[in-house]
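Peer 1: The structure under discussion is supplied below as structure tokens; questions concerning it will follow.
The values are calculated or read from the model by the stated rules, or taken from the named source; none is laboratory data. These figures come from a predicted structure and were not determined experimentally. Counting neighbours? That spans all protein chains shown, and the Cβs are built from the backbone with ideal geometry, glycine included. Just so you know, the surface numbers come from the protein's heavy atoms only, side chains and all, with ligands and any DNA or RNA stripped out. Shrake-Rupley method; radii C 1.70, N 1.55, O 1.52, S 1.80 Å.
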Amino acid sequence: MKKSFLNISPLQLVPVIAVLFILVFQQESRAQFDEYERKAGIINTFAKYVNWPSKAFMEGDKLVLGILGDDPFGDVIDNMFRNRYVNGRAWEIRRAKTIRELKGSHIVFMAQGFKEEEVKTFLQEIYSRNNSFVLTIGDNIPNFCKNGGIINLTPNGLYTLNIVSANKAQLTIDVKLLNLASDIIPYDPN
Amino acid sequence: MFVSLIASSFSTILFCAYDFQQYKENFIKETKQLAKLIGDNNDASVELQQFTPAQRNLNELLNNNTQIVTGVIFDKEQRLFAIYSKTALLQAKDKNIELYDKVILDKDWQISHAEFIPSFSQNNTTFALLENYLDIYVSTFDENGRINTVYLRSDLTSIRERITTYFFMFFLIVGSVLIFVSTLSVPLQRSISKPILELERIANIISKKKDYSIRIKDRRDDEIGLLIDAFNGMLSKIELQNESLIHAKEVAESSAKAKQEFLANMSHEIRTPINGVMGMTDLLQDTKLNEEQKHLLKVLKSSASHLLVVINDILDISKIESGKLSFEEQVIDVKEVTSSIIDAFSIQTNQKGLNTILDISKKVPERIVGDPVRLKQVLINLYSNAVKFTFDGSIIISVRNKFENDKKVTLQFSVKDTGIGIEKDKIDHIFNSFTQASNETTRKFGGTGLGLSISKQLVELQGGQMYIESTVDLGSTFYFEITFKKYIATTKAVSNASSLQKNTAEVQDKPSSKKILLVEDNEVNQMLVLRLLKKWGYVSDLAENGKIALEKLSETDYDLILMDVHMPEMDGYSATKEIRSSFPASKRDVPIIAMTASALKGEFERCKKAGMNDYISKPFKKDNLLQKVQDYTNSKEPLKNE
């Protein structure tokens, strides 16, 4: 049996490989095309593999995503997250320019365009209170994790993860996320 | 043995099939679990589209698994997301280790070097034992749908090994069962078949020795024991039955013997009065009678002679069967015997218009030594049969010399007729006592059916044989062969036998000058003999018993004494002894002829021992008596009165 597989002539292999390459290129082109669609998916995945303490959901059963700053997703994320559930919870997406406006969010997605100082301030604001239980995700923001953010998306679909901040926020991060993180920073800004 | 083989094979096969099924299910389940684990492990990486960790994870999980050949993760969109191809990795490993480490994570390289790339399918399991692979697709879902699908292809080496083990096990179990059974069956067989063989041996001994008192002593409590008990029981039944059969046989034999003796005695007792009747009839014939009386007398005589024939036959049969028959040795003139028979039947043959041809071969000696009476009896039987059953044609009596040496001569006598013949299936039966060719024969031709049986037995008792050739409607030929002693001149002196009257009749006196004393107690016999003697011209005197005879002899001289042996007061034997011992020389040598009714074995010897010269058995034919009387008184008168 094995032999018959091995005996497949290179000529026969060519079309198979060609098809696969086309698939791979398609994937790449799509990724380029829908970067934020992909990022929305990533957010969904993070939500799946991060465990909030039960008291984080006192006021309702929806999982609230707050998009801070200029919304890069547009209605893509709304369409995507409509009828999507994470651990039995539906999504709610809020958009705001200030932290205050995003109060009650479980995840805060920080868009690009903030200065490092601003970011720092936002993060301090978020985690200043006890029991904030907020997963902060930075959209490729420099020193996001160093400044106390939990996950920072980096190019090529990778991300860095600050486990200390996560612990502080009393969030349990699935080991799979830890595994997949390109960099784990045990860094406490304080 | 065969049964245990089948049983063990069957159970082993059943067990193997069950175990195989179990193993296969387990194998599939384990592979599925592995696939599920891969799916669970890589849901995040698939969602995050990080194929490198997935590649690493696949390699980590599958690298140590010897059976997984290919592992593939498909993402949500059914695209090939990560791949583990053992063949590709092995190729890399063959080249160099550095490349190998790289290749683990290099999806594209593995795809290009994989022996085959699976296409997407959802939750599909293909178990192909012959092609030696198991294909499994397991999809992982969350509440929003399928996250990924893991494909694993496992080769079935372990299952194949297991199947090999089954075969090995099968042969091991069956083989050990066979060995076990055979080792177990040997002593079992010994304990079962040994007593059975013993039984068979004893049964053989019993049937050989016919000894039903043998019992098998083996005491056992099992089925063999029951068999032995039953066998012993059967033996005792047989023994009992045998005893009762033997008893019954003895009873039957003794009653048959008693019957025979009764028959012999009866016929003997009947013969004496018949003798009287016949004698009286003869005497009556000589008196003056009218035609009607003569006719009645003729009928009376023929009835009496028939009765006598029947009684003689019965007596002969009983004598033969009781083995009391003895044969005399006297000189026989072959020609005379045969021709006398033909003469005796001449009236009948003339009436029927039959020719009788006597054909004596020249090689047949004129005289032989044997029992003339029995020879005659046989010939008469055959000849009378021939006459009886022939209605037209001729009868040939022929005598041939079959064999001759210095002392003996074997003669073949044959009586050939042109009569009715005998059917083939009856030939075997006609020599049996009381049997004729058919019952119809008895009705038509009469006879007791004893004649041939007696003849055959007489011939066989003399060491000869009798046989028959016959064709229905053409006639029968009866043959018999008897070996006689050769006649040598000296025997003549020993036997001054009756048949040689020519020699003794040279000097003859007149009967009237001879005085004969009859010693006889039976009145009928007295009358008969006295009348006959008177008729023949002899002077006779009568004594009622031996004592009176002695007295009379002392007073008068007699030329001959006819002495009955069984008488009251003094029997013939003692009277003869007395005469021979205590009488003066002139009277001592008087010839004495015994007259005895018991013509049995040893009678003649007894008479001779007592000193008698000859004997004549009752009932006697008058010719016979005349001849003897003439011989011993040396007197002969031409038979003018007869």
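Peer 1: Tally the residues that are more than 7 Å from every other protein chain (Cβ to nearest Cβ) and open to solvent by less than 10 Å² (accessible area, probe 1.4 Å), restricting the search to region B:44-59.
Peer 2: Filtering region B:44-59 down to residues more than 7 Å from every other protein chain (Cβ to nearest Cβ) leaves B:46, B:51-52, B:54-59.
When the remaining residues are screened for being open to solvent by less than 10 Å² (accessible area, probe 1.4 Å), the result is B:46, B:54-55, B:58.
Matching residues across region B:44-59 total 4.
Peer 1: Could you list, in sequence order, the residues of region B:546-566 that are within 18 Å of residue B:616 (Cα to Cα) and open to solvent by less than 20 Å² (accessible area, probe 1.4 Å)? Quick ask: steps written out before the conclusion?
Peer 2: As a first pass, look at region B:546-566 and keep what is within 18 Å of residue B:616 (Cα to Cα): B:546, B:559-566.
Result: B:546, B:560, B:561, B:562, B:563, B:564, B:565.
Peer 1: Scan region B:79-114 residue by residue and report those that are at pLDDT below 80, aliphatic (A, V, I, L, M) and closer than 15 Å to residue B:58 by Cα.
Peer 2: Passing the criteria: none in range.
Peer 1: I'd like to verify a number: residues in region B:128-152 that are in a strand (DSSP E or B), farther than 26 Å from residue A:84 by Cβ and within 14 Å of chain A (Cβ to nearest Cβ), how many?
Peer 2: So the first thing to find is which residues in region B:128-152 are in a strand (DSSP E or B), and the list is B:128, B:133-142, B:145-152.
With farther than 26 Å from residue A:84 by Cβ added as a condition, the list becomes B:128, B:133-136, B:151-152.
Narrowing further to those that are within 14 Å of chain A (Cβ to nearest Cβ): B:128, B:133-135.
Here the count works out to 4.
Peer 1: Please specify each residue of region A:127-140 satisfying the condition of being open to solvent by less than 10 Å² (accessible area, probe 1.4 Å), in contact with a Gly (Cβ under 8 Å, 6 or more places away or on another chain) and away from chain B (no Cβ under 14 Å). I'd like the intermediate steps shown before the answer.
Peer 2: The initial filter retains those residues of region A:127-140 that are open to solvent by less than 10 Å² (accessible area, probe 1.4 Å), namely A:135-139.
Then keep just the ones that are in contact with a Gly (Cβ under 8 Å, 6 or more places away or on another chain); that gives A:136-138.
The answer is A:136, A:138.
Peer 1: I want to confirm something. Restricting to region A:77-102 and keeping residues that are of a type outside the set (A, V, I, L, M, F, W, C) and within 22 Å of residue A:173 (Cα to Cα), which single residue is modelled with the highest pLDDT?
Peer 2: Within region A:77-102, the first condition is being of a type outside the set (A, V, I, L, M, F, W, C), and the residues that meet it are A:78-79, A:82-85, A:87-89, A:92, A:94-95, A:97-98, A:100-101.
Narrowing the set further to residues that are within 22 Å of residue A:173 (Cα to Cα) leaves A:84-85, A:87-89, A:92.
Numbers: A:84: 86, A:85: 86, A:87: 83, A:88: 84, A:89: 87, A:92: 90.
In this case the residue turns out to be A:92.
Peer 1: Within the group B:232, B:148, which residue is over 40 Å from the mean Cα position of the chain (by Cα), more than 29 Å from residue B:11 (Cα to Cα) and among the polar types (S, T, N, Q)? Even if it seems obvious, please write down each step before you answer.
Peer 2: Values: B:232 fails: over 40 Å from the mean Cα position of the chain (by Cα).
Criteria check complete, one pass: B:148.
Peer 1: While we're here: Being more than 30 Å from residue B:128 (Cβ to Cβ), touching a residue at least 24 places away in the same chain (Cβ under 8 Å), assigned to a helix (DSSP H, G or I) and open to solvent by less than 60 Å² (accessible area, probe 1.4 Å) narrows it down to one residue among B:238, B:205, B:196, B:192; which is it?
Peer 2: On the way: B:205 fails: touching a residue at least 24 places away in the same chain (Cβ under 8 Å); B:196 fails: open to solvent by less than 60 Å² (accessible area, probe 1.4 Å); B:192 fails: open to solvent by less than 60 Å² (accessible area, probe 1.4 Å).
Residue meeting the stated conditions: B:238.
Peer 1: Determine which member of the set B:442, B:471, B:490 is at pLDDT 85 or above and open to solvent by 40 Å² or more (accessible area, probe 1.4 Å).
Peer 2: Values: B:442 fails: at pLDDT 85 or above; B:490 fails: at pLDDT 85 or above.
The unique qualifying residue is B:471.
Peer 1: So residue B:5 ticks every box in (1) surrounded by 15 or more Cβ atoms within 10 Å (Cβ to Cβ); (2) touching a helix residue (DSSP H, G or I) at 6+ places or on another chain (Cβ under 7 Å) but one. Which box is left unticked?
Peer 2: Looking at each condition in turn, residue B:5 falls short on (1).
Peer 1: Tell me, please, whether a residue that is outside any helix (DSSP H, G or I) and either hydrophobic (A, V, I, L, M, F, W, C) or touching a Gly at 6+ places or on another chain (Cβ under 7 Å) (or both) can be found in region B:29-49.
Peer 2: Of region B:29-49, the ones outside any helix (DSSP H, G or I) are B:42, B:48-49.
Keeping just the survivors that are either hydrophobic (A, V, I, L, M, F, W, C) or touching a Gly at 6+ places or on another chain (Cβ under 7 Å) (or both) gives B:48-49.
Looking for residues that are outside any helix (DSSP H, G or I) and either hydrophobic (A, V, I, L, M, F, W, C) or touching a Gly at 6+ places or on another chain (Cβ under 7 Å) (or both), one finds at least one in region B:29-49, hence yes.
Peer 1: Restricting to region A:154-179, what's the tally of residues that are open to solvent by less than 10 Å² (accessible area, probe 1.4 Å), farther than 14 Å from residue A:47 by Cβ and within 13 Å of chain B (Cβ to nearest Cβ)?
Peer 2: So the count comes out to 2.
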